[in-house]
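Only one structure is covered here, and it is reproduced in the block below.
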Amino acid sequence: MDANQILLALLIALALGAFTWDRYNHRKAQQMSSSWNCFRCGTDLGPMQSVQIRVAGGPGPATLARACKKCARRDACIYWAGIGLIGTLLVATGVFLALA
């Protein structure tokens, strides 16, 4: 196996892992949709202690689930870190293509 095949196998494994994690979150959000528990940590929530967050995509619209404010902040930080990483990778790709 050369380096290109190893890189392709890693990218496929990463994509399958992300898809599996998304489906797991989708099922978990559907199971907890009628309860007043945090989707992430499972703590009991009151009506004013919860925030509706986007959990998983899929073939249809995103699934919403209740989360405590701490988990909602964590989810927002993960989202923006992912957006920043994607932006950095796009800039790096552009720079590498310009230098080639």
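The values are calculated or read from the model by the stated rules, or taken from the named source; none is laboratory data. Everything numeric here is computed off the predicted structure, so don't read it as measured data. Glycine also receives a Cβ, built like all others from the backbone with ideal geometry; neighbour counts cover every protein chain displayed.
Among the listed residues PHE19, PHE39, identify the single one that is at pLDDT 80 or above and among the aromatic types (Phe, Trp, Tyr).
Exactly one residue qualifies, and that residue is PHE19.
Among THR88, THR43, THR63, which is the only one that is in contact with a helix residue (DSSP H, G or I) (Cβ under 6 Å, 6 or more places away or on another chain) and of a type outside the set (A, V, I, L, M, F, W, C)?
None of the other options fit; the residue is THR63.
A quick yes/no check of all residues on (1) loosely packed, with under 13 Cβ neighbours inside 10 Å; (2) assigned to a helix (DSSP H, G or I); (3) not polar (S, T, N, Q):
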site: ASP22; (1), (2), (3): no, yes, yes
site: LYS28; (1), (2), (3): no, yes, yes
site: PHE39; (1), (2), (3): no, no, yes
site: GLY46; (1), (2), (3): yes, no, yes
site: LEU64; (1), (2), (3): no, no, yes
site: ARG74; (1), (2), (3): no, yes, yes
site: LEU85; (1), (2), (3): yes, yes, yes
site: THR93; (1), (2), (3): yes, yes, no
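Which condition number does LEU97 fail, the rest of (1) surrounded by fewer than 10 Cβ atoms within 10 Å (Cβ to Cβ); (2) under 13 Å from the mean Cα position of the chain (by Cα) being met?
LEU97 satisfies every listed condition except (2).
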